[in-house]
Amino acid sequence: MDISELIDNFEFLDGWEDKYRYIIELGEKLPPLAQEFHAEEWKVRGCQSQVWLVPHRENGRLRFEGDSDAMIVKGLIAIVLMIYNDKSPEEIKSIAVDDIFAKLGLAEHLSPSRRNGLISMTEKIRCYAQIL
């Protein structure tokens, strides 16, 4: 699924209760993260829940795996991965992620701690794009 399809799906859903359920469903579809990556090295700082993001570089593109111990956060990881997976470091740096989050309505419907966690995830991915 691409971001435009995700935005369309969000617009189709009636209220935020349905959207939260959809976010949780997205998280349930994430491939499991190998236990070896549930380590400090891959942890994202600034998230209230535990979040791990693991980068992989192949053919000049970055791909990420992620996991969390919280269902809604796992769904947010799925959204972040839809935005950033299979992009070059240059593409990652140029993505206007705040605009995408605004179109999804995440900025006004997430708690401040979840918003901060979402920002921390995107910053971590941008950091990986700088160094990989």
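Bear in mind these aren't lab numbers, they're just calculated from the coordinates by the rules spelled out. Fair warning: this is a prediction, and the values are worked out from it, not measured in the lab. As a convention, Cβ positions derive from the backbone with ideal geometry for all residues, glycine included, and neighbour counts pool all protein chains shown.
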Handout entry: Net charge of Cβ neighbours under 14 Å - reference LYS74; Lys, Arg +1; Asp, Glu -1
Key = -2
Problem - the chain: relative contact order as a whole-number percent, Cα under 8 Å and 6+ apart - result: 27
Problem - Cα centre as origin, Lys/Arg/Asp/Glu Cβ charges: region 57-132 dipole, Debye - result: 60
Exercise for the section: Check cross-link reach from LYS93 to the lysines: straight Cα distance under 16 Å, and skip same-chain residues fewer than eight apart. Expected result: LYS124
Exercise for the section: Could you pull out the GluC sites (Glu not before Pro) across region 1-85 that fall in loop regions by DSSP (anything but H, G, I, E, B) with no more than 11 other Cβ atoms inside 10 Å? Expected result: none
Handout entry: For the chain, built as a Gaussian network whose Cα springs stay under 10 Å, the top-fluctuating residue of ASN85, ASN59, ASN116
Key = ASN59
Problem - Those trypsin sites (Lys or Arg not before Pro) in region 33-132 that DSSP places in a loop and that have at most 10 other beta carbons within 10 Å - result: ARG45
Exercise for the section: Please get the size of the charge dipole for the chain, origin at its Cα centre, with Cβ charges of +1 on Lys and Arg and -1 on Asp and Glu, quoted in debye to the nearest 20. Expected result: 440
Fill in the blank from the handout: With Cα springs under 10 Å, the Gaussian network model of the chain assigns the largest mean-square fluctuation among PRO112, PRO55, PRO89 to PRO112
